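Quick notes on the structure that follows.
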Amino acid sequence: MRPAVANCRHTIYTASVNALHTLAAAWQAERAAARAQTHALRHATTLAARCAQGYALAQLEIDEERSAPRGRVSTRFLVPPRVDLDDLQLGPGDPVLLWAQRPDEASAIRGVLERREGQALWVMLDRGINDLDQRYNLDAETPEAAFDRGDAALRQALAAAATSDIGRSRDILVGSSAPHVAPPFTWRVVDSQLDAAQQAAVEAALRASDVALIHGPPGTGKTRTLVEVVRQLITRGDRVLCTAPSNSAVDNLGERLAVAGIRIVRLGHPARVDPELRDATLDAQLDADGASALARQWRDEAVALRKNARGKGGAARELWARARSLDRDAAAELERGAVRLVARAQVVLTTCVGAATALLRDETFNTVIVDEATQASDPVLLIAAQRGKRLVLAGDPQQLGPVVLAPEAARLADTAFARLATRFGNAVMLVQQHRMHAHIMAFSSQQMYGGALVAAPSVRNHRLSDLGVRDDDARAMPFMMIDTAGTCWYDERNDEASNSLTNPGHAQRVVAEVRRLLSRGVAPTDIAVIAMYRNQVKLLREVLRTEREAGIDVGTVDGFQGRERNVVIVDTVRSNEDGTIGFLADIRRMNVAVTRARRQLLVIADSATLGNHAYYAAMLAYLDASGGHGSAWSDEAEEL
């Protein structure tokens, strides 16, 4: 090897090692912060307080259990009917602790939340429960497995040779080396509806030798573009691993792939699986696999034994033990079947952290796709990246990034996507959006995307009246603000225990606006309410209980990224004399909120509180110029 080449490689390797050591220190700081948060929550607050905050559940009753691979037990718990599970701050894949008397008792069992099923929860426990008649409590737990997998990925990256697939990905992702692009070649688009920018993004993904970036602002068809990328890859014989940081993002991509007729295997336990995706889950495919017949027979026998155990007193334990043994044998048979299914799958879907599952330990994919890559911290991204030879990262740096708890771990908020896009300018940006009316889109385009976005003809001028909804002269513009400045009636309230805010005045106004929309003929399923603070979300869910039962969705910004509705009401909550806006200063959060609406966006805000910030001042100027700046005092949002 020539000395100049050797020196260059050594320089790149040294820079990568230094970057990874810095990253590992930040990862450890974040783990310590997560542990401290869990400890403080569990020891400084009561169980009732944790339940009220959505981080715990009390008085759970065991309804059913099934053995699972590696000695674990999947258990179904009935949740008391008074509990609104929409307020639970835990989702699929989140670690939990199950206990009866005290969280620190020796018999406490760790597990992972699987999914919600009506007023019940399925939890994957590390082992079975001995006292089946006991009522149990459930607490949030530190995500140690995710941190362990991140640690392992960092160690692998440090140990990788510079010429290996992992070594090349490592050097590019930490910014030590530039991505490489293959020469242009001829390819034929399958989805004829893709616009020019989407086709350019597909081509960039196909030509990338190691890492490609697809920048997808809201509504620009990022997922549709990724479906075409997958189509093209499997046509040329690639095996593809599709991942994302969250289960919801994985499911969204999986559903689109299934509709496109692509055969997929979905690993993990999605919380809510649409009908289009249910047949693609690993569980469903195992059920359809003829080799699983014996496992089903053993499970049926186990179910019969459990039924016979009821009311048998001391003999019940022996019957339950025999049932568990049968379930263990069934689980082993199903695991063998799962390995076979994954080995022959062209496209596998899982979360980034889930890519470290034992089912994939011997699997290498030609291409790994990471959707919502701008929400993945580097250790999380490395977990997925090490499963393949090349990477396609898709995301938007102007939307929500990774959640980072520790100030010392700020490095984790600097994502590989943002670094590569800034340093090498290799992100292909999608510019035609297919969601928002042009008036809703324009402000976001100006403030966040350099004015580059254009509304597709099909959505440019679409309105609620196209759906048969009655016009409202006082809400004539597609993007409106109802300004609450001017009275203490709308002042925010701080709950020190939960460190979250409510604004009862804003909540009343949201309710009035919702009911005015319904009176115009807007379908409940077309309306979403986004509040910027969790306590306000909880309050709104209470006061809109009837409307929620009819189909209106109420949630946080985090829960709405990647989603849309015809009408969105955004409650900013903040209203105070000091002009304090808290995390609303992270304008990426507001950017997500104001880009969810298709035909009507209504923002409830106090201009006196928000107006000193440049972004919100620009929003006020935009609405003033367009006639969209209304006042809470001009009407009381009466029903029409």
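The values are calculated or read from the model by the stated rules, or taken from the named source; none is laboratory data. Every value quoted in this text rests on a predicted model; they were computed, and no experiment measured them. Neighbour counts are summed over all protein chains in view; Cβ atoms, including those assigned to glycine, are modelled from backbone coordinates with ideal geometry. Surface areas here come from the heavy atoms of the whole protein model, side chains and all, with no ligands, DNA or RNA. Shrake-Rupley method; radii C 1.70, N 1.55, O 1.52, S 1.80 Å.
The table for this structure:
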read-out	value
Residue match in region 401-414 (condition: within 22 Å of residue 198 (Cβ to Cβ) and in contact with a helix residue (DSSP H, G or I) (Cβ under 9 Å, 6 or more places away or on another chain))	no
Unmet requirement for residue 526, which otherwise passes all of (1) touching a residue at least 60 places away in the same chain (Cβ under 8 Å); (2) open to solvent by 10 Å² or more (accessible area, probe 1.4 Å); (3) at negative phi	(1)
Filter result (assigned to a loop (DSSP other than H, G, I, E, B) and either of a type in the set (Lys, Arg) or at pLDDT below 90 (or both)) within region 69-83	72, 82
Those residues of region 218-245 which are over 20 Å from residue 352 (Cα atoms) and not in a helix (DSSP H, G or I), in sequence order	218, 219, 220, 221, 236, 237
Residue within region 361-371 that is under 24 Å from the mean Cα position of the chain (by Cα), of a type in the set (D, E, K, R) and either under 21 Å from residue 281 (Cα atoms) or open to solvent by 30 Å² or more (accessible area, probe 1.4 Å) (or both) present	yes
Criterion (in a helix (DSSP H, G or I), modelled with pLDDT of 80 or more and farther than 28 Å from residue 255 by Cβ) met by exactly one of 324, 306	324
Selected residue (criterion: most open to solvent (accessible area, probe 1.4 Å)) from residues of region 556-577 that are of a type in the set (Gly, Ala, Ser) and in contact with an Asp or Glu (Cβ under 8 Å, 6 or more places away or on another chain)	562
Qualifying residue in region 523-535 (condition: over 20 Å from residue 463 (Cβ atoms) and in a helix (DSSP H, G or I))	yes
Check on residue 248, in a helix (DSSP H, G or I), among the hydroxyl-bearing types (Ser, Thr, Tyr) and in contact with a strand residue (DSSP E or B) (Cβ under 7 Å, 6 or more places away or on another chain)	no
Residue in region 560-582 that is part of a helix (DSSP H, G or I), at pLDDT 95 or above and either in contact with a strand residue (DSSP E or B) (Cβ under 7 Å, 6 or more places away or on another chain) or closer than 24 Å to residue 249 by Cα (or both) present	no
One residue from 499, 503 being closer than 30 Å to residue 43 by Cα and without any contact (Cβ under 8 Å) to a residue 40 or more places away in the chain	499
Region 454-489, residues that are open to solvent by 70 Å² or more (accessible area, probe 1.4 Å), under 24 Å from residue 520 (Cβ atoms) and not hydrophobic (A, V, I, L, M, F, W, C)	458, 460, 461, 463, 466, 470, 471, 473
Residue check, residue 62 under 30 Å from residue 335 (Cα atoms), open to solvent by less than 40 Å² (accessible area, probe 1.4 Å) and without any contact (Cβ under 8 Å) to a residue 40 or more places away in the chain	no
Looking only at region 143-192, and only at residues there that are open to solvent by 30 Å² or more (accessible area, probe 1.4 Å) and of a type in the set (Val, Ile, Thr), the one that is nearest to residue 370 (Cα to Cα)	166
Leading residue by the ranking (farthest from residue 152 (Cα to Cα)) among those in region 9-46 that are open to solvent by 80 Å² or more (accessible area, probe 1.4 Å) and of a type in the set (Lys, Arg)	9
Answer residue from region 422-453, given it is at pLDDT below 95 and on the phi < 0 side of the Ramachandran plot and is least open to solvent (accessible area, probe 1.4 Å) among those	426
Residue match in region 583-592 (condition: in a loop (DSSP other than H, G, I, E, B), surrounded by fewer than 24 Cβ atoms within 10 Å (Cβ to Cβ) and of a type in the set (Asp, Glu))	yes
Given (1) farther than 25 Å from residue 250 by Cβ; (2) in contact with a strand residue (DSSP E or B) (Cβ under 8 Å, 6 or more places away or on another chain); (3) not charged (D, E, K, R), number of the condition residue 204 does not satisfy	(1)
Hits in region 603-625 (condition: of a type outside the set (Gly, Ala, Ser), open to solvent by 10 Å² or more (accessible area, probe 1.4 Å) and within 21 Å of residue 455 (Cβ to Cβ))	622
Output for region 113-131, where each listed residue is in contact (Cβ under 8 Å) with a residue 24 or more places away in the chain and either among the β-branched types (Val, Ile, Thr) or open to solvent by less than 40 Å² (accessible area, probe 1.4 Å) (or both)	114, 120, 121, 122, 123, 124, 125, 128, 129
Qualifying residue in region 611-619 (condition: aromatic (Phe, Trp, Tyr), out of contact with any helix residue (DSSP H, G or I) (no Cβ under 9 Å at 6 or more places or on another chain) and touching a residue at least 24 places away in the same chain (Cβ under 8 Å))	no
Conditions (1) among the polar types (S, T, N, Q); (2) in contact (Cβ under 8 Å) with a residue 60 or more places away in the chain; (3) over 21 Å from residue 515 (Cα atoms); (4) open to solvent by 10 Å² or more (accessible area, probe 1.4 Å): number failed by residue 535	(2)
The lone exception for residue 492 - which of (1) acidic (Asp, Glu); (2) open to solvent by less than 50 Å² (accessible area, probe 1.4 Å); (3) free of Cβ contacts under 8 Å to residues at least 60 places away in the same chain it fails	(3)
